[in-house]
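Comments concern the structure below.
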Amino acid sequence: MAERYDVVVAGAGHNSLVCAAYLTKAGLRVLVLEARPNIGGNTATEELTLPGYKHDVACSAYVLLQASPAIRNDELGLIRKYGLKFVKPDPIITMPFKDGTSLTMWLDIDRTVEEFNKFSKRDGEAYRRIIAEYDSVKSIFGRNTYTPIGYGPSLDDELIQRSDGALWLRRYKQSALEVVREYFQDEHTQTFMLGLASLTTQAVDQPYTGRLAYSLVNGRQYNSWITLVGGSGGFPNALARLIEDEGGTIITNKQVVDLLIEGDRCVGFATADGGTYRAEKAVVSSIHIRQLVEMASREKWGDTFVKVVENWQPGFTFFETHYALSEPPLYPIGNERRPCVASIIVESVDNLLRFTSAMRRGVIHHDAPEILAICSSLADESRTPPGGHTLKCISFLPYDLADGGPGKWDEIKEEISQEKLEHLRKFAPNLTDDVILGKHIDSPLDLERRNLHNWRGSGHGGELSPAQSGAMRPVYGWASHRMPIPGLYQTGSTTHPGGSASAGPGRNAAWVILDDLGTSLEAVVAGERLV
Ligand SMILES: Cc1cc2nc3c(=O)[nH]c(=O)nc-3n(C[C@H](O)[C@H](O)[C@H](O)COP(=O)(O)OP(=O)(O)OC[C@H]3O[C@@H](n4cnc5c(N)ncnc54)[C@H](O)[C@@H]3O)c2cc1C
């Protein structure tokens, strides 16, 4: 007789694993189906270049995750029982400029302020102010992130309770560019603040990015470029151990291609190899919403739902080159050359706005290069053989090229990767050819091939614009993880609060499912079991 499951989950990215973990802790029989040979999705770690060099395929900084109750309160025992260990490297981020100067963030805020003071004492004070001001509201933003839509007051309703509520309502709806220009005067400090605000792939001149000007810098000032010892993949792997310890099952190489629907209800998934997997209580998907709607008839979803999803915007996309190195890149920091776990090369506000505009037009911005270079091995020696280092160079580049479409990436990715390396060498000249031991390139098209959930190259589920965030994600009226087809729930970064390794969509979806099953996430965390 076929195995019986209460819940079947599609995809083994961190969000669906987080959701599955809470559900198994509730005593439910859970099965997770993953398309790839390995779990983790964008939080996986793989030997992409040489044996022994562990590269985070996408996510490397677990900053947002620190605010999740899953980690903050260790609700699942991932730290206590499964040994997750994070490190906070110092210095945190450096930004070198063409004029030979640099701005570096240190764990000691006074030291960071000194860096701002080099350019403007007024901006040094502005840095302290922007950190302190966000400190006073971040619990509200955090609560909104880690509460399913419909289970608490809206962000606006919470913020407006404060005496300065009108100010915060305005700030988070503004663009990051407007916020940064209000606080900072010097070109270097503005560029640094906007470079940080752009890290979650939002265009900084877009409305509703105002919060990012506060939150991204605040998160890193307190948590650094917080890195998981052993590689980002340690997080999904710990979740998998927990799920299996609680009696759950994870099967890899199982691509879901269809929903099983009986009457009006979704009862399971069909996989590409002809398998069918049924669930008695709930079917959970982290399949990209754009692909999910293809898995049932339009009639089942409703015409409006499908029309909204068909118009889904992927937002900005990434181009990555991973290197195995014999030494880390050395940047100008103070009066010396030294390594730093993360460097952002943006050069100027004007440059940042030019590459933002090029992205929108599907154009490669050769004249406005930008790079985020991450050397995680500086924080964690266990990732390489002795003396070795890993480096990941990320740029924002369009998936759908105006002159050639996505398919052109296979022709040009080597050349673009080399162009980015030459640019990085202007700031870290020690990255000579003999230092580079191995290389792996992922264009936006490769990122989609690697992970189906990176639809059209989007690593964050899709743009987090006003039309695709909060109660609008993925579709207004369906943001509480329950889909129009009864029995089917959606999690992953196409749901609130969106992309990043936050565990938010996974925990929020578990909250809703447990509520529908007559218990609560709180009760399950306290040890209550359904069966
Ligand atoms: C280059 C890059 C760098 C990033 N850096 C950071 C960072 O430093 N910090 C941060 O917080 N965030 C970062 N992000 C974003 C973050 O990694 C993602 O938003 C997040 O990991 C998404 O998690 P998820 O669980 O929703 O989905 P995913 O991680 O995308 O996982 C989805 C899983 O579902 C599987 N799947 C998809 N379709 C099917 C199907 N039909 N059948 C079965 N399985 C399926 C996929 O194979 C995958 O394993 C980065 C993203 C990219 C692309």
Exercise. Return the only residue of L199, L177, L212 being under 30 Å from E47 (Cβ atoms) and either buried (at least 20 other Cβ atoms within 10 Å of the Cβ) or not small (G, A, S) (or both).
Key: L199
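For (1) more than 16 Å from the ligand (Cβ to nearest atom); (2) within 19 Å of the chain's Cα centre (by Cα); (3) part of a helix (DSSP H, G or I); (4) closer than 11 Å to I149 by Cα, each residue gets a yes or a no:
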residue: V475; (1), (2), (3), (4): yes, no, no, no
residue: P486; (1), (2), (3), (4): yes, no, no, no
residue: G499; (1), (2), (3), (4): no, yes, no, no
residue: R507; (1), (2), (3), (4): no, yes, yes, no
residue: D515; (1), (2), (3), (4): yes, no, yes, no
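Anything in the stretch 74-125 that is among the aromatic types (F, W, Y), closer than 30 Å to A240 by Cβ and in contact with a helix residue (DSSP H, G or I) (Cβ under 6 Å, 6 or more places away or on another chain)? List them, or say none. If you could, list the steps in order and put the result at the bottom.
Applying the first criterion (among the aromatic types (F, W, Y)) to the stretch 74-125 yields 82, 86, 97, 106, 116, 119.
Now narrow it down to the ones that are closer than 30 Å to A240 by Cβ: 82, 86.
Of everything in the stretch 74-125, just one residue is among the aromatic types (F, W, Y), closer than 30 Å to A240 by Cβ and in contact with a helix residue (DSSP H, G or I) (Cβ under 6 Å, 6 or more places away or on another chain), namely Y82.
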Quiz item: If we keep just the residues of the stretch 271-292 that are surrounded by fewer than 17 Cβ atoms within 10 Å (Cβ to Cβ) and within 11 Å of the ligand (Cβ to nearest atom), which is nearest to E3 (Cα to Cα)?
Solution: A272
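Restricting to the stretch 123-137, what's the tally of residues that are closer than 15 Å to R181 by Cα, in contact (Cβ under 8 Å) with a residue 24 or more places away in the chain and either in contact with a Leu (Cβ under 8 Å, 6 or more places away or on another chain) or surrounded by fewer than 17 Cβ atoms within 10 Å (Cβ to Cβ) (or both)? Please lay out each step first, then the result.
In the first step, residues of the stretch 123-137 are kept if they are closer than 15 Å to R181 by Cα; the result is 123-127, 129-130.
Filter once more, keeping what is in contact (Cβ under 8 Å) with a residue 24 or more places away in the chain: 123, 126-127, 129-130.
Going one step further and asking which of them are either in contact with a Leu (Cβ under 8 Å, 6 or more places away or on another chain) or surrounded by fewer than 17 Cβ atoms within 10 Å (Cβ to Cβ) (or both), we end up with 129.
Summing the residues that are closer than 15 Å to R181 by Cα, in contact (Cβ under 8 Å) with a residue 24 or more places away in the chain and either in contact with a Leu (Cβ under 8 Å, 6 or more places away or on another chain) or surrounded by fewer than 17 Cβ atoms within 10 Å (Cβ to Cβ) (or both) in the stretch 123-137 gives 1.
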Quiz item: Among the residues of the stretch 88-122, which ones are touching a residue at least 60 places away in the same chain (Cβ under 8 Å), surrounded by 14 or more Cβ atoms within 10 Å (Cβ to Cβ) and over 29 Å from the mean Cα position of the chain (by Cα)?
Solution: F119, S120, R122
Exercise. Could you run through the stretch 118-145 and say how many residues are in contact with an Asp or Glu (Cβ under 8 Å, 6 or more places away or on another chain) and of a type outside the set (A, V, I, L, M, F, W, C)?
Key: 5
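I need the full set of residues from the stretch 276-316 which are in a loop (DSSP other than H, G, I, E, B) and either of a type in the set (A, V, I, L, M, F, W, C) or in contact with a Lys or Arg (Cβ under 7 Å, 6 or more places away or on another chain) (or both), in order please.
Taking the stretch 276-316 first, the residues in a loop (DSSP other than H, G, I, E, B) are 286-288, 296-297, 302, 311-316.
I287, A296, W312, P314, F316 - these are the residues of the stretch 276-316 that are in a loop (DSSP other than H, G, I, E, B) and either of a type in the set (A, V, I, L, M, F, W, C) or in contact with a Lys or Arg (Cβ under 7 Å, 6 or more places away or on another chain) (or both).
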Quiz item: Given the conditions (1) within 20 Å of R338 (Cα to Cα); (2) away from the ligand (no atom under 16 Å from the Cβ), and given that L378 satisfies all but one, which numbered condition is not satisfied?
Solution: (2)
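Based on this model, can you work out whether I436 counts as within 24 Å of L48 (Cα to Cα), within 13 Å of the ligand (Cβ to nearest atom) and hydrophobic (A, V, I, L, M, F, W, C)?
Details: within 24 Å of L48 (Cα to Cα): yes; within 13 Å of the ligand (Cβ to nearest atom): no; hydrophobic (A, V, I, L, M, F, W, C): yes.
Spelling it out, it is not the case that I436 is within 24 Å of L48 (Cα to Cα), within 13 Å of the ligand (Cβ to nearest atom) and hydrophobic (A, V, I, L, M, F, W, C).
Whether any residue in the stretch 402-415 is buried (at least 23 other Cβ atoms within 10 Å of the Cβ) and closer than 21 Å to M193 by Cα is what I want to check.
Residues of the stretch 402-415 buried (at least 23 other Cβ atoms within 10 Å of the Cβ): 409.
Checking the rest, the ones that are also closer than 21 Å to M193 by Cα come to none.
Checked the stretch 402-415: no residue is buried (at least 23 other Cβ atoms within 10 Å of the Cβ) and closer than 21 Å to M193 by Cα.
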Quiz item: For the stretch 336-371, what are the residues that are in a strand (DSSP E or B) and within 17 Å of W225 (Cβ to Cβ)?
Solution: R338, A342, S343, I344, I345, I371
Practice problem: Identify the single condition in (1) within 11 Å of the ligand (Cβ to nearest atom); (2) over 23 Å from A510 (Cα atoms) that I251 does not satisfy, given that it satisfies every other one. | Solution: (2)
Exercise. Pick out, from the stretch 52-163, the helices (runs of 4 or more DSSP H) lying fully within it that include 3 or more residues that are within 15 Å of the ligand (Cβ to nearest atom) and aliphatic (A, V, I, L, M).
Key: none
Quiz item: Taking D258 and the conditions (1) within 16 Å of the ligand (Cβ to nearest atom); (2) of a type outside the set (F, W, Y); (3) surrounded by fewer than 17 Cβ atoms within 10 Å (Cβ to Cβ); (4) not in a strand (DSSP E or B), which numbered condition does it fall short on, given that it satisfies the others?
Solution: (4)
Quiz item: Where residues in the stretch 414-462 are among the hydrophobic types (A, V, I, L, M, F, W, C) and in a helix (DSSP H, G or I), which of them is farthest from L330 (Cα to Cα)?
Solution: W455
Practice problem: Can you work out which of the residues in the stretch 463-473 that are of a type outside the set (A, V, I, L, M, F, W, C) and assigned to a helix (DSSP H, G or I) is nearest to the ligand (Cβ to nearest atom)? | Solution: Q468
Quiz item: For I39, all conditions in the list (1) crowded, with 24+ Cβ neighbours inside 10 Å; (2) under 25 Å from the mean Cα position of the chain (by Cα); (3) among the hydrophobic types (A, V, I, L, M, F, W, C) hold save one; what is the number of the exception?
Solution: (1)
Quiz item: Of the residues that sit in the stretch 8-30 and are of a type in the set (A, V, I, L, M) and within 12 Å of the ligand (Cβ to nearest atom), which one is nearest to D273 (Cα to Cα)?
Solution: A10
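Of everything in the stretch 76-91, what is basic (K, R) and touching a Ser or Thr at 6+ places or on another chain (Cβ under 9 Å)? Give them in sequence order. Show your work before the answer.
Pass one, the stretch 76-91, residues basic (K, R): 80-81, 85, 88.
K88, the sole residue that qualifies.
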Exercise. Would you please list the contacts, defined by Cβ atoms under 6 Å and residues six or more apart or on different chains, that run from a residue in the stretch 202-224 that is more than 17 Å from D135 (Cβ to Cβ) to a residue that is β-branched (V, I, T)?
Key: Q202/T209; A203/T356
Practice problem: Report yes if some residue within the stretch 28-35 is of a type outside the set (K, R), within 21 Å of G459 (Cβ to Cβ) and surrounded by fewer than 22 Cβ atoms within 10 Å (Cβ to Cβ); otherwise report no. | Solution: yes
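Here, each number is a calculation from the coordinates, and none is a lab measurement. Computed from a predicted structure; not experimentally measured. With ideal geometry, Cβ positions are generated from the backbone for all residues, glycine too; neighbour counts draw on all protein chains shown.
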